[in-house]
Each structure stands twice: as structure tokens, then as C-alpha cells.
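Below is one structure; the comments refer to it alone.
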Amino acid sequence: MGRLHLAPQALVCKNAIIEGDVQIGNGTVVHVGASIIAKNGPIIIGSNNIISERAVIINHNSTPLMVGDYNLLETESQIEGRGIGHKNVIQVRGKVVGQSTLGNNCVVGAMCATDPDENVPDNTVLFGNPQARRIRADNNNEHLAIHMKHLEYIHEMLPRYNHIIEAE
């Protein structure tokens, strides 16, 4: 049976599904209905991430699945690869699949997915239908400022309307 380790400022809703050996970093928010399933190996989630409702993180590998800091996993996004770096956005129904890794400062657009065994380089944007790619031209500082304000708001409002798992 696994264990859940929460950093003191992590905010995890009781209605989230968490199974196996999971570590959640300081400031990270896990919304109602999100699923974090460490099936075969641990999942280590960094600081100040937002994991939205019905987002799924699942580790099918025996090695740890690492999620960096300041990531936004939007509704119904899915991470099942080997891990993602820092400051990424996985938009609605975006997926990191198979044995893939996602670098830093990337965007996986709505309903887009990595290739199954891909190492996506830093600053890559996956977008469109048919899916295309480009390199980000910005440095992501504006997004980071908005992300921090979003986190501040969630930390204030979420406990008012949801049951929260207390850090030990």
C-alpha cells in the first residue's frame, strides 16, 4: 500500500483520487476529481502546481514520475509519461503519453498530445488540428505572474467550499 506525503502548504481536496506512493510539494493545489495514481512507481509533484478537476497523473513505470514546479494541468489533461519539467501548461484534454518527457516552459495545446516516446525540448508549443509545433518566443514571465495570482486565489477560496486533506 502506498503513502501520501503532503508539504505543509499543499492544498488537496478530499474528493481527489490519490493512490500509491505520492509526494505533493509546497503550494501545489489538487482540485476535486483530479486523479493521481502511482500504479507501479512513485509520483513526485513539485511546488506551486495547479492540478485541475479531472486531470490525471498516472505512473505505469517503476521509476518515479516527476512533475516540476509552477505547472498548470487544466481540466481532463493527462500525464502518463516519465515526467514534465517546470512552468508548463497542459491545456484541456492535452496529454503527455507513453514514455514521453516534457521539458521546461512548454505548452501542450487543447486536445494535443506528445508522441509516445518523445523527449519534448524546452519552450515547445504543441497546437492545432492537425497538430503542429513551434518554439515559444516569450520568456513566460507574464504567465508565471498570473499563475501565482491564480494560486493565491485558489488557496483562499478552495477551502471555503471543499473538504481539504490536512498535511501531517
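Observations on the structure shown:
- Against the test of being without any contact (Cβ under 8 Å) to a residue 24 or more places away in the chain and either under 22 Å from ASP115 (Cβ atoms) or touching a helix residue (DSSP H, G or I) at 6+ places or on another chain (Cβ under 8 Å) (or both), the options HIS60, HIS86 yield a single qualifying residue, HIS60.
- Qualifying residue in region 111-132 (condition: exposed (fewer than 13 other Cβ atoms within 10 Å of the Cβ) and assigned to a strand (DSSP E or B)): yes
- Selected residue (criterion: least open to solvent (accessible area, probe 1.4 Å)) from residues of region 58-72 that are part of a loop (DSSP other than H, G, I, E, B) and under 16 Å from LEU11 (Cβ atoms): ASN71
- The set of residues in region 73-106 that are surrounded by fewer than 23 Cβ atoms within 10 Å (Cβ to Cβ) and assigned to a strand (DSSP E or B) comprises GLN78, GLY83, VAL89, LYS95, THR101.
- Candidate set: region 10-57, residues that are touching a residue at least 60 places away in the same chain (Cβ under 8 Å) and open to solvent by 60 Å² or more (accessible area, probe 1.4 Å); chosen: the one farthest from GLN91 (Cα to Cα): LYS14
The values are calculated or read from the model by the stated rules, or taken from the named source; none is laboratory data. All values reported here derive from a predicted model rather than from experimental measurement. Using ideal geometry, Cβ is built from the backbone for each residue, glycine included, and neighbour counts are taken over all protein chains shown. Just the protein is used for accessible areas: all its heavy atoms, side chains included, with ligands, DNA and RNA removed. Shrake-Rupley method; radii C 1.70, N 1.55, O 1.52, S 1.80 Å.
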